[in-house]
Structures are given as structure tokens and as C-alpha cells.
Amino acid sequence: MNSSMSKKMWRKALKEHFDCTCVYCGKTYDLSILTLDHVIPRSAGGETIASNIVPACEKCNQKKASKPYLEFMRTTFGENRLREYVLEKHTQ
Ligand SMILES: [Zn+2]
């Protein structure tokens, strides 16, 4: 297996782990449409490791940009304990 193939599989597995939902808005998307987002942005020292990568739709990904995820979620969707829990669990 070459590395680009394992990278592709890793990306797919992450999306499937979240049932192909955007972690921020909670909507389900097609695998090919979902993007992957760094919970802690690379610019803030976030690593490219599974616990810092989550599936996000393009809209949320762009809107979140380099904001802290809680700030982005609460200002955009209001407080949603379930969605926040899913993220907290993954990033711990
Ligand atoms: Zn979304």
C-alpha cells in the first residue's frame, strides 16, 4: 500500500467514524463532499493527528477558519451540548 492510498483510507475512516456528519452543524453529507478540519488550527499549533481532525462540511470549515471551535459553534448554532460532547470526546 502506498502512502497516498493509506492517507485516503485514513480520511475515509475518519469520516465514517462520524457517520459522515459534519461535527459542527450535525448534517450528513456524502463522503466526497465532506472536508476534514483541524479542530485546533495548524496556525495555532494543532497537529495533523486523528484526535485533532474532524469531518466538516465546506460551509462550516470556511466559516470556522481559525476560530476556536466552541466559539464558532456557539456563535453560529447556539449551545448544543450533544455536538460539543462529540467533539470533546474525540479531541481528548
Ligand atoms: Zn457543517
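So for segment 71-78 (the condition being more than 15 Å from the ligand (Cβ to nearest atom), over 13 Å from the mean Cα position of the chain (by Cα) and assigned to a helix (DSSP H, G or I)), does at least one residue qualify?
yes
In segment 14-68, what count of residues is obtained for those that are part of a loop (DSSP other than H, G, I, E, B) and away from the ligand (no atom under 16 Å from the Cβ)?
Matching residues across segment 14-68 total 9.
Which residues, taken from segment 40-64, are surrounded by fewer than 18 Cβ atoms within 10 Å (Cβ to Cβ), out of contact with any Gly (no Cβ under 6 Å at 6 or more places or on another chain) and in contact (Cβ under 8 Å) with a residue 12 or more places away in the chain?
Matches in segment 40-64: PRO41, SER43, ALA44, ALA50, SER51, GLU58, LYS59, LYS63.
Determine which single condition LEU31 fails, assuming it passes every other condition in (1) closer than 21 Å to GLN92 by Cα; (2) among the hydrophobic types (A, V, I, L, M, F, W, C); (3) touching a helix residue (DSSP H, G or I) at 6+ places or on another chain (Cβ under 6 Å).
Condition not satisfied by LEU31: (1).
Tell me which residues, restricted to segment 1-26, are of a type in the set (Lys, Arg) and within 12 Å of the chain's Cα centre (by Cα).
ARG11, LYS15
Every number in this text was worked out from the coordinates using simple rules, so none of it is lab data. Keep in mind it's a predicted model, so treat the numbers as computed, not measured. Neighbour counts are summed over all protein chains in view; Cβ atoms, including those assigned to glycine, are modelled from backbone coordinates with ideal geometry.
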